Amino acid sequence: EACTAAKQLLDKGVGCIELCGAFGPDGARQVIEATGGRIPVGYVTHFPEQDPLFRAAFPDAPHNL
């Protein structure tokens, strides 16, 4: 779904995509490939010691599976 959305954003003229850190490097690379490398794509991360806070804040996120 993210790859499809990224293509649509590229077509609409968006100049940069910043993904959730949960995408990780592999997910970010998939989005880069989906957009043909024509737009900068990054992914946000956080310090590991804050993992408990993120799990509490986002209990339904994939990292809790």
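The values are calculated or read from the model by the stated rules, or taken from the named source; none is laboratory data. A quick note: this is a predicted structure, and the numbers were derived from the prediction, not measured. Note that each Cβ is placed from the backbone with ideal geometry, even for glycine, and that neighbours are counted across all protein chains shown. These area figures cover heavy atoms from the full protein model, side chains too; ligands, DNA and RNA do not enter into them. Shrake-Rupley method; radii C 1.70, N 1.55, O 1.52, S 1.80 Å.
For Val14 and Gln50, calculate 0.36 nm times their separation in residues minus their Cα-Cα distance, and state this gained length in nm to one decimal.
9.9 nm
Once every DSSP H run of n ≥ 4 in the chain is given -39500 (n - 2.57) and the sum is divided by its residues, what mean residue ellipticity at 222 nm do you get, rounded to the nearest 500 deg cm²/dmol?
Estimated from H runs of four or more residues: -12500 deg cm²/dmol.
Considering only the other residues whose Cβ falls under 15 Å of the Cβ of Ala22, what net charge follows from Lys and Arg at +1 and Asp and Glu at -1? Walk me through the intermediate numbers first.
Working: positive: Arg29, Arg55; negative: Glu1, Glu18, Asp26, Asp51, Asp60.
That sum, taken over residues with Cβ under 15 Å, equals -3.
Determine the per residue accessible area of the chain with all protein chains present and a 1.4 angstrom probe, expressed in square angstrom.
Counting only protein heavy atoms, the per-residue value for the chain is 75 Å².
Normalised by the number of residues in the chain, what is the relative contact order in percent for Cα pairs under 8 Å and 6+ residues apart? Show your work: numbers first, answer last.
Numbers: 56 pairs, mean separation 21.9, N = 65.
Worked out over the chain, it gives 34 percent.
What does the charge count near Ile39 come to, summing +1 for each Lys or Arg and -1 for each Asp or Glu among other residues with Cβ under 14 Å from its Cβ?
That works out to +1.
Search the structure for amide H atoms under 5 Å from the amide H of Cys20, placed 1.01 Å from N in the peptide plane, and list their residues when 5 or more places away or on another chain.
Under 5 Å from the amide H of Cys20: Val44.
Quantify, in whole percent, the carbon and sulfur part of the accessible surface of the chain (1.4 Å probe; protein heavy atoms only).
On the way: 2780 of 4880 Å².
Carbon and sulfur atoms account for 57 percent of the accessible area of the chain.
How large, in Å, is the chain by the Kirkwood hydrodynamic radius built from its alpha-carbon pairs?
When all Cα pairs of the chain are included, the Kirkwood radius is 12.8 Å.
Taking the Cβ-Cβ separation of Phe58 and Glu33 as r and a Förster radius of 25 Å, what is the calculated FRET efficiency to the nearest 0.05?
FRET efficiency, Phe58 to Glu33: 0.40.
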